[in-house]
Every structure is written in C-alpha cells, then in structure tokens.
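As structure tokens, the structure follows; a few thoughts come after it.
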Amino acid sequence: MFADRHDAGVRLAERLAGLITDENVVVLGLPRGGVPVAFEVARTLGAPLDVIVVRKLGVPFQPELGFGAVGEGGVRVINSDVVRMAHLTHAEMDVVEEHERVEVERRARRFRDDHRPIDLVGRTVILVDDGIATGGTAQAACQVARARGAGRVILAVPVGAQDTVERMRADADEVVCLQTPADMLAIGFWYEDFAQTSDEQVVTLLQRAAEARASTLGHPGGGAGGGGTGSQGGG
C-alpha cells in the first residue's frame, strides 16, 4: 500500500528514473488525483509538468462505454467501431460532445488560468494518474496526447487492475505500473490516505512546479510547465 499520493509519486518516480533516458520529456497529470503523483515524477526527472484535460464521450444510454474522447485545442478522437455498434446518430454524438467540450474548457481554465498548454509535438509524454481501474480516462488521455503530436506515450501509475494494465499496452507505447493486483477492488483501497484532491491543490502544484523549473533554468516562472521541488501531495 501507499501512504498517500505523495508517497506513490516518489516511488513511481524512482522506477521511472531508471527507465527514462530521453531528455525531451514532459509529464502530464490527469486531474485531479493524478497531479500530486505527477508532481513527484516531474520533480525527479527534472521535466516540465502540465495537466492533460480530457473527457470521455460516453454512449448516451451506457455512459461508461466511451465512443471517443475530447481534449483541449479542439482535439477529438472517435471510436468508429463503438459508434457503429451503438447505432449512434450524428445528433446524439454532437449533444454529448458539446457538453463534454464545455467541461474540458472549464477545467483547463481553472487549472491553468491564462497559460497555454505545453507543446507535445515530437516529445516523450509521461501520463500519470493515481491508479487505473477500468482505464477509460487513461485510454482517452493516451489518444488525446497522440492527437496533440506526442512522439511517444508512456502511461505511469502506482496501481492498476491487472487486466486493464495489459489492455492499456495497446494504447500506450509503454505502461509502468508498480502494483497490478488481480483483484483491484478500488484504487483507494491501495492508499492509506486517499482524500480527494481539490482544484486549489492542483493549481498550487502546477504553480510550484513552474516556479521551481523556472528557477532551475534561470528565468521568471509562471505557466503550467515545471519540475517542482517536492510536495506533500494533494491527498
């Protein structure tokens, strides 16, 4: 078990430090709970930190089944097989997409304020969450990162359901997971402290990471890119 997200991030960072040799790396945390974990990964790797704001597009009569995903900058990924299977019309898809796109933009503004997302074109992108159960959001994040031009996508999580982790290898170039229980139960079961991470904690961690990285690089901070200096985690 992990003490909290800070502990999980430190331990995940230790594993990644021995695997990542590419200097053109950016770490993206999935809000909200993935950001405290990602903060520690970015700090250890000396990489910029950002969030990846995505929303799964759920089939109207079965929301847990995704027919695609949307992300910032108008990124849209559609699974045509699910669309055909669910017999979705363009009108039905448009209603879902409009709702989720509004939420993407709202969250992006909340987390980043007026700062632009980090450019992913040609970069190695490490997607970090606090765990994966069904993998729907992580899968959407992988697809959106690729659509934004990522050269290589690595999914990194402290804990993930065994079958989900194996399935995610089809979406990510590499999957790094510290614990892969066959009987997942719930992500929170693997943490002693799994208190909800707030929007304010996400914003604070992004700002701390940006300021620390700017200090290291020798220029004024700001924005969502940064390496961080350590964290208590977001809980």
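The values are calculated or read from the model by the stated rules, or taken from the named source; none is laboratory data. Source: prediction; values computed, not measured. With ideal geometry, Cβ positions are generated from the backbone for all residues, glycine too; neighbour counts draw on all protein chains shown. Areas reflect the complete protein model, heavy atoms only, side chains present, ligands, DNA and RNA absent. Shrake-Rupley method; radii C 1.70, N 1.55, O 1.52, S 1.80 Å.
Among the listed residues Val95, Val104, which satisfies the condition of being modelled with pLDDT of 90 or more and within 30 Å of Ala42 (Cα to Cα)?
Criteria check complete, one pass: Val104.
Residue-wise test of (1) in contact with a strand residue (DSSP E or B) (Cβ under 8 Å, 6 or more places away or on another chain); (2) at positive phi; (3) buried (at least 23 other Cβ atoms within 10 Å of the Cβ).
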site: Phe39; (1), (2), (3): yes, no, yes
site: Gln62; (1), (2), (3): no, no, no
site: Ala69; (1), (2), (3): yes, no, yes
site: Asn79; (1), (2), (3): yes, no, no
site: Met85; (1), (2), (3): no, no, no
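Please work out which one of (1) buried (at least 20 other Cβ atoms within 10 Å of the Cβ); (2) under 15 Å from the mean Cα position of the chain (by Cα) is the condition Thr164 fails and give its number.
Unmet for Thr164, out of (1) buried (at least 20 other Cβ atoms within 10 Å of the Cβ); (2) under 15 Å from the mean Cα position of the chain (by Cα): (2).
For the subset of region 167-202 comprising residues that are at pLDDT below 95, of a type in the set (D, E, K, R) and assigned to a loop (DSSP other than H, G, I, E, B), which member is nearest to Arg106 (Cα to Cα)?
Applying the filter and picking the extreme gives Asp171.
Which of the residues spanning region 132-153 are in contact (Cβ under 8 Å) with a residue 40 or more places away in the chain, open to solvent by less than 50 Å² (accessible area, probe 1.4 Å) and farther than 13 Å from Gly29 by Cβ?
Those that are in contact (Cβ under 8 Å) with a residue 40 or more places away in the chain, open to solvent by less than 50 Å² (accessible area, probe 1.4 Å) and farther than 13 Å from Gly29 by Cβ: Ile132, Ala133, Gly136, Ala140, Val144, Arg148.
Out of everything in region 31-40 that is hydrophobic (A, V, I, L, M, F, W, C) and farther than 19 Å from Asp119 by Cβ, what residue ends up being nearest to the chain's Cα centre (by Cα)?
Val35
Got a sec? Which strands (runs of 3 or more DSSP E) wholly within region 29-106 have at least 2 residues that are farther than 18 Å from Val144 by Cα? So that I can check it myself, show each step before the final result.
Working: elements: 49-51, 54-59, 62-71, 76-78.
Once the strands (runs of 3 or more DSSP E) in region 29-106 are filtered for at least 2 residues that are farther than 18 Å from Val144 by Cα, what remains is 62-71.
Taking the criterion of being open to solvent by less than 20 Å² (accessible area, probe 1.4 Å), modelled with pLDDT under 90 and not aromatic (Phe, Trp, Tyr), would at least one residue in region 109-124 satisfy it?
The answer is yes, given that some residue of region 109-124 is open to solvent by less than 20 Å² (accessible area, probe 1.4 Å), modelled with pLDDT under 90 and not aromatic (Phe, Trp, Tyr).
For the structure I just gave you, tell me whether Arg169 is open to solvent by 20 Å² or more (accessible area, probe 1.4 Å) and free of Cβ contacts under 8 Å to residues at least 24 places away in the same chain.
yes
Restricting attention to region 146-179, which residues are touching a Cys at 6+ places or on another chain (Cβ under 6 Å) and of a type in the set (A, V, I, L, M, F, W, C)?
Those that are touching a Cys at 6+ places or on another chain (Cβ under 6 Å) and of a type in the set (A, V, I, L, M, F, W, C): Val153, Val157, Val165, Ala172.
Spot the failing condition for Leu205; the list is (1) at pLDDT 95 or above; (2) in a helix (DSSP H, G or I); (3) surrounded by fewer than 21 Cβ atoms within 10 Å (Cβ to Cβ), and only one is missed.
The number of the failed condition is (3).
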